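Down below is the structure, laid out as structure tokens.
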Amino acid sequence: MALRLRRYILYAGLLITALGALLSLTTRRTDIPALIEGDTGGDIGLLKLATDMPGEYMTFGDSGDFKLKSVRAEVQVEGKPYAIRMFPPKRTKRGWARIEDIGFSLRLKLNGSAETLALKVLPPGREDKFISGGKEFSVSLEPEKEIPKGSIKGKVYNLRLPLFKVKADGKEAVLKKGEPVSLGKDKLLYEGSPLWVRVAFVKDPGLLLVYLGIGLLALSPVAFLRFK
């Protein structure tokens with residue numbers, strides 16, 4: 001009798017897990033907005049961002065070990081604040097939420113027109129692109145200084161007040177906050193670089209069934225037996 005009951009639990013767990021997976025596959029919705037620190041005008045806003053990002057980061061040659069172990073975002077969702085991390089996910093009014101990515105934004109005036117760009121330039125050495133006025137621009141972090149070490153040079157990046165290198169049409173310029181520069185015929189003014197985070201909001205009606213099914217499977221030791 002006990003063995004039959006355990007088998008029923010196993011079969012129920014398998015069936016519920018399969019139904020949950022099918023429901024998840026057909027109804028799962030994911031929204032991944034990029035939220036810039038201080039922008040709180042919409043239904044979703046980033047109130048505050050705390051990270052363990054160092055003030056300076058150094059690379060030698062192509063080597064580097066850039067990792068953030070702690071990222072905590074206070075996100076306002078439809079008027080209610082939530083503390084969201086990379087793991088575990090947090091339940092919100094928009095579904096389960098977790099941080100997927102982080103980077104620098106660039107608040108820029110380009111030929112007098114204001115732009116705010118969520119750039120993927122972390123870790124230092126990575127390049128991102130954007131298009132404005134039909135022209136493609138490449139952007140990367142620029143080291144603040146270089147330190148010789150034998151035959152190679154160490155590059156030191158200021159991550160509290162980053163410098164940006166912008167390239168277009170074979171020309172390049174280094175952007176420093178508050179200092180206007182020319183890049184060919186284009187005029188650029190770097191006004192700020194607040195951090196942004198990309199938060200994944202997931203609504204998945206089938207997830208609860210999947211967890212329930214897995215729980216039933218874990219309760220049944222029959223799952224570890226070989227059936228004839």
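The values are calculated or read from the model by the stated rules, or taken from the named source; none is laboratory data. As the structure is a computational prediction, the values presented were derived from the model and not from experiment. For neighbour counting, all protein chains shown are included, and Cβ atoms are generated from backbone atoms with ideal geometry for every residue, glycine included.
Conditions tested, residue by residue: (1) within 21 Å of the chain's Cα centre (by Cα); (2) not in a strand (DSSP E or B).
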site	(1), (2)
MET58	no, no
ARG72	yes, no
LEU122	yes, yes
GLY125	yes, yes
ILE147	no, no
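Which of the residues spanning the range 132-167 are at pLDDT 95 or above and more than 29 Å from ASP52 (Cβ to Cβ)? The answer is GLU136, PHE137, LYS167.
Of all the numbered requirements in (1) over 15 Å from ALA34 (Cα atoms); (2) surrounded by 19 or more Cβ atoms within 10 Å (Cβ to Cβ); (3) touching a residue at least 60 places away in the same chain (Cβ under 8 Å), PRO89 misses one, and that requirement is (2). Working only within the range 192-211, note down all residues that are among the aliphatic types (A, V, I, L, M) and surrounded by fewer than 16 Cβ atoms within 10 Å (Cβ to Cβ). Residue satisfying the conditions is LEU208 alone.
Scan the range 2-49 for residues that are free of Cβ contacts under 8 Å to residues at least 60 places away in the same chain, exposed (fewer than 13 other Cβ atoms within 10 Å of the Cβ) and among the hydrophobic types (A, V, I, L, M, F, W, C) and the total you get is 2.
Of all residues in the range 163-222, which are of a type in the set (Lys, Arg), under 23 Å from GLY125 (Cβ atoms) and under 28 Å from the mean Cα position of the chain (by Cα)? The answer is LYS165, LYS167, LYS176, LYS177, ARG198.
Of the residues making up the range 153-191, just one is loosely packed, with under 12 Cβ neighbours inside 10 Å and either in contact with a Gly (Cβ under 8 Å, 6 or more places away or on another chain) or outside the structural domain of ASP52 (by TED's automatic domain parsing) (or both), namely ARG160.
Within the range 113-141, the set of residues being in contact with a Phe, Trp or Tyr (Cβ under 6 Å, 6 or more places away or on another chain) and not β-branched (Val, Ile, Thr) comprises LEU117, ALA118, LEU119, PRO123, PRO124, PHE130, PHE137, LEU141.
Residue count for the range 127-145, restricted to those that are in contact (Cβ under 8 Å) with a residue 12 or more places away in the chain, over 23 Å from the mean Cα position of the chain (by Cα) and either part of a strand (DSSP E or B) or closer than 18 Å to GLY178 by Cβ (or both): 4.
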